[in-house]
Amino acid sequence: MSNFSPALCKRLKIQGRCFKSNPKVPLSNTAKHISEIGNVAESVHVDLDGTTAKNRKIENARNNLPNEDTNSIVSTDNNMQMQSKLRENQDEEDLIGERIKKKNEKLRRLRLVEHYRSTKDFVELDKLTKKWLAASQNAAQSLWDALPTPKPSMADFLKSMNINLNLIQYNETEDQFY
């Protein structure tokens, strides 16, 4: 017996999606049953248009189905197509969302750079550079003064600390800052 509802069994039978085994055929006659199926398959009559009698019966049955069954089959197919399209659209939406996040982050960084460039005046930068130079020269002079005697020359002292003489603006020949 079938565990399916009669309506579903009918629909499956019409669509050719079910197989009912023949309980009358004993297991010992399986080979005989298979040969009978082969003989039946060889004797199938095919019309000139390429359809068999069984296919014509199935198509006629499908055409004679009530509208509700046909609509439910079509709606099921439509639902499956819509679900696959929704999944594809969701994937595309996720990719676009990631691209938007990246673009927003890049835009935020560009705005930050623009803000710093507009607020930092080059005159102020020049003042800060001169202030740093004076502080570094004073620190170098204080460290050199704190050295015990015999003191090396200021140029040798700065070179031993790996300080570029041009960067700190020290003239080696005159032995003074310029």
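The residues of the stretch 148-160 that are of a type outside the set (Gly, Ala, Ser) and surrounded by 10 or more Cβ atoms within 10 Å (Cβ to Cβ), listed by number, are LYS151, PRO152, MET154, ASP156, PHE157, LEU158, LYS159. For the stretch 135-167, a tally of residues being assigned to a helix (DSSP H, G or I) and out of contact with any strand residue (DSSP E or B) (no Cβ under 9 Å at 6 or more places or on another chain) returns 13. Of the residues making up the stretch 99-131, those that are more than 22 Å from ASN166 (Cα to Cα) and polar (S, T, N, Q) are ASN104, SER118, THR119. Listed by first and then second residue, the pairs linking a residue in the stretch 1-20 that is at pLDDT below 80 to a residue that is surrounded by 13 or more Cβ atoms within 10 Å (Cβ to Cβ) and aliphatic (A, V, I, L, M), with Cβ atoms under 7 Å apart and 6 or more places separating them unless they lie on different chains, are GLY16/ILE58; CYS18/LEU12. When TRP132 is tested against the conditions (1) exposed (fewer than 10 other Cβ atoms within 10 Å of the Cβ); (2) aromatic (Phe, Trp, Tyr); (3) under 30 Å from PHE157 (Cβ atoms), the lone failure is (1).
The values are calculated or read from the model by the stated rules, or taken from the named source; none is laboratory data. The shown structure was predicted, so the numbers you read here are calculated from the model rather than taken from an experiment. Virtual Cβ from ideal backbone geometry, glycine too; neighbours counted across all protein chains shown.
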